[in-house]
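Chemist: Sharing a structure, written as structure tokens. Questions coming.
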Amino acid sequence: MARRERLQVTGFPVHIIQRGNNRQACFFAEADHRFFLHHLGELAKRFKCELHAYVLMTNHIHLLLTPYFARGPSLLMKLLGQRYVQYVNKTYRRSGTLWEGRFRSSLVQDERYVLACYRYIEMNPVRASMVKHPVEYPWSSHAANADGKPVAWLTPHNVYLALGLDEERRRAAYRDLFSIELEQSLLRGIRVSAHSGYAIGSSRFREEIEGALKLRATPSGPGRPSVGATL
């Protein structure tokens, strides 16, 4: 079966998921996380992608970024994956593939959906019962976005910046978002859109994307959860 063509639009946020092969572990020590993040930051700048949020789980990763070069995400993930696999194989004296295959992605509408993806990504360790609060997990963007931990290559999205008039107010408003759980319909919508390569947003947003790219931006058929769930 032919692979679905990616929805690639410059200037729109993209939610990316990359899983380990057969859901096996990809990170084994602190040094692995640091290596991955170092090259993620370097390659994001090289391929004109602004990174807003991330989490490195044991066997998969999530990124939220905005590309300003249509093929930026694809080139970023290809070279990042190659560098990291080479590093892991050399470090742990292994061979073969590490990743499941090509990464999954979805376009994200601005406004509420961007902040929903921020929260979805940074809450992954909590949903996995690894920590009780996202601030306890060291390998995500939460400490930067919520508490101001310096991460030079992380760029706040405009929707995040609109949370407050200054950094202190923005961070406080951002922290408050995590006191409310994401609705199950929205969680399901984010998962479906990312794993299937569709867009997450309003019906009008998806129609505009389909019209511009001549590609399907929303799932169809009975039993599919709506990717346009409200926040």
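Chemist: Over the range 150-196, what lengths in whole Å, largest first, do the semi-axes of the equivalent ellipsoid take, defined as the square roots of 5 times the eigenvalues of the alpha-carbon gyration tensor?
Modeler: 25, 15, 9
Chemist: May I pose another question? Output the direction-averaged projected area (hull surface divided by four) of the convex hull of the alpha-carbon atoms of the range 42-105, in nm².
Modeler: Computed as one quarter of the Cα hull surface, the answer is 4.6 nm².
Chemist: Once phi is turned into ³J(HN,Hα) by the Karplus curve 6.51 cos²θ - 1.76 cosθ + 1.60 with θ = phi - 60°, what whole-Hz value does each residue of the range 168-182 show in order, with x for glycine and proline?
Modeler: With coefficients 6.51, -1.76 and 1.60, one gets 4, 5, 4, 5, 5, 5, 5, 4, 4, 4, 7, 8, 10, 6, 5 Hz.
Taken together, the values in this text are just the output of simple stated rules run on the coordinates, not laboratory data. The model shown is predicted, which means the values in this text are computed figures rather than measured ones.
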